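See structure below.
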Amino acid sequence: MIFQRALRRELISTAGAVFTTLFSITITVMLIKILGQAAGGKVASEDVLALIGFSALNYMPIILILTSFISVLLVVTRSYQDSEMVVWFASGLSLTRWIPTVLTCGLPVVLVIALLSFYATPWANRSSAEFRDRFEKRADIAKVAPGKFQESASSNRVFFVEGVTGDAMRVRNVFVNTVRDGKNSIVVSKEGRIEIDAHGDKFLVLSKGRRYEGTLDENDFQLMEFESYGVLISSTMPSVMADLSSRSLSTAALLAFPDGFNQGELLWRLSLPLMCLFLMLLAIPLGFVNPRGGRSANLIIALLLFVFYSNMISLMQAAVAQNRLSIWLAWWPVHLLAIAIIALLFSWRLKMNSAYHPLFWLAKTRRRYFGKRSAT
């Protein structure tokens, strides 16, 4: 039908505008957050773009779900406001005839969300964890931002350097404060370089400086001037494994190791495409508005329903992770409730002209009341 082709074009164009808006907001927030982490020395500056890409993949399923839901809602609302639905109903067509068209546009999105949820998002989380873990394994001096005090990974040493060379192997105007066994050791030097000994341990070799050692609340500080002084900044140790939390594991690994956390993560991944599908169907009856009124109330209700839906899934995920519920008992009740709400709203909209519908009684009472007032 011509109307269905026009509806598909409008759904696609609206979805493009909504997706662009949501994606731009998400990227901006992530950019500010990751740039702040890079400025604070928590991540490497050269990894910023990669981390933004991984974060975008992580949030992409939620963005696509919101895009599908809001797009269908906006198109249905506009049809009511422009009185196109009056023509639709006058032609003898039901509101349920919208379902095939919406599913035609929405099922590819559901498939993409499933692929992202089961494959791309775990890979992005795992890669992001590997990037952060690799940066944590770097030497403390290599992570220091010039002109800024920064704590070491072991939390017992504070560094300050005025400048670092491009290869991060030489520093100048160094301040190092180390706390060990209740004593403070303060070392200041004009310059230093990083050296690796035969055992693979890394030392910061300072030259032409001073060392102050003692207890803060006692007057027993010792002063020592040196031409060369070595500070251990990292020792050889087995490589720390990257983050292998349930969010970073592949779907096959979740199925192979079915503990509470892994089953909770599997429930979340399974729920995302189902949530997208049911929210698109829910948007059809939810998009009803009075042509003389506004659409803000519908959008508020829709956002509240989305928050309620996602929070209920998170609640079930937490119950499975804490071994309070089995995944077989937790994955379907929320979606069954969504199906019941969809059926109820469709029934409500389809029977609006029925004599048993509450809106019919409200309109009848209003006509009777205003009719008596006009008669008097």
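Every number in this text was worked out from the coordinates using simple rules, so none of it is lab data. Just so it is clear, the model here is predicted, and its values are computed rather than measured. Cβ: placed from backbone, ideal geometry, glycine included. Neighbour counts: every protein chain shown.
Just subtract the alpha-carbon distance of THR104 and SER45 from 0.36 nm times their residue separation and send over the number in nm, one decimal.
Values: separation 59, 0.36 × 59 = 21.24 nm, distance 4.32 nm.
So the extension gain works out to 16.9 nm.
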Taking other Cβ within 10 Å of each residue's Cβ, how do CYS105, CYS276 sort, fewest first?
CYS105, CYS276
Label point distance in nm, ARG9-ALA343, each placed 7 Å from Cα along Cα→Cβ:
3.8 nm
In nm, what is the difference between 0.36 nm times the number of residues separating VAL205 and ARG78 and their Cα-Cα distance?
38.7 nm
What FRET efficiency do you get for ALA297 and ALA318 if R0 is 35 Å and r is their Cβ-Cβ distance, rounded to the nearest 0.05?
0.65
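Peptides 81-94, 324-337: what's the order by average Cβ count within 10 Å, highest mean first?
In descending order of packing, they fall as 324-337, 81-94.
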The range 1-22 and the range 51-93: distance between their alpha carbon centers, rounded to Å:
8 Å
Only counting other Cβ atoms within 10 Å, I'd like ASP47, ASP181 sorted with the fewest neighbours first.
ASP181, ASP47
Given a Förster distance of 25 Å, the FRET efficiency implied by the Cβ-Cβ spacing of THR20 and ALA90, rounded to the nearest 0.05, works out to 0.10
The range 19-128 - Debye-derived log10 I(q)/I(0), Cα point model, q = 0.09, 0.15, 0.20, 0.23 Å⁻¹
-0.38, -0.76, -1.05, -1.21
